[in-house]
């Protein structure tokens, strides 16, 4: 029987070159694990040549410890030491919809603080794929 490898495992173990040299932000929750139940924040944080720069968490927080519908304040993750932001979005698609104020079309671009966003794929009312790049600024010359 063929083995099924979750996307996280494929990325961390088989496609490391895609992230090498990049600063990475991770949107994750308690079920963001590989086939050995290792959390994505820990796996990406341990990757050589990848800088896990920021964590984003949905409603229940990064580790799922927040009560249902209780506000989760921005905090620092004890496992990685990184800042965890709990924005008003449960998905990257929700963030993109808010940036545009509507359902964007493939190829549309916009900017948010520090990043440029390009919509790569949309299926009816669902934003499926986006490209997010750090903008080059005087205080961040390595971005781009």
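Structure notes:
- For the stretch 31-50, filtering for residues that are surrounded by 14 or more Cβ atoms within 10 Å (Cβ to Cβ) and either in contact with a strand residue (DSSP E or B) (Cβ under 7 Å, 6 or more places away or on another chain) or part of a loop (DSSP other than H, G, I, E, B) (or both) leaves 11.
- Residue within the stretch 68-86 that is modelled with pLDDT of 80 or more, out of contact with any strand residue (DSSP E or B) (no Cβ under 6 Å at 6 or more places or on another chain) and either closer than 30 Å to residue 124 by Cα or surrounded by fewer than 14 Cβ atoms within 10 Å (Cβ to Cβ) (or both) present: no
- Screening the stretch 87-112 for residues that are surrounded by 11 or more Cβ atoms within 10 Å (Cβ to Cβ) and modelled with pLDDT under 75 and picking the one that is nearest to the chain's Cα centre (by Cα) gives 91.
- Close pairs from the stretch 1-17: first within 16 Å of residue 52 (Cβ to Cβ), partner assigned to a helix (DSSP H, G or I), Cβ under 6 Å, at least 6 apart: 8/40; 12/43
The values are calculated or read from the model by the stated rules, or taken from the named source; none is laboratory data. Every value quoted in this text rests on a predicted model; they were computed, and no experiment measured them. Virtual Cβ from ideal backbone geometry, glycine too; neighbours counted across all protein chains shown.
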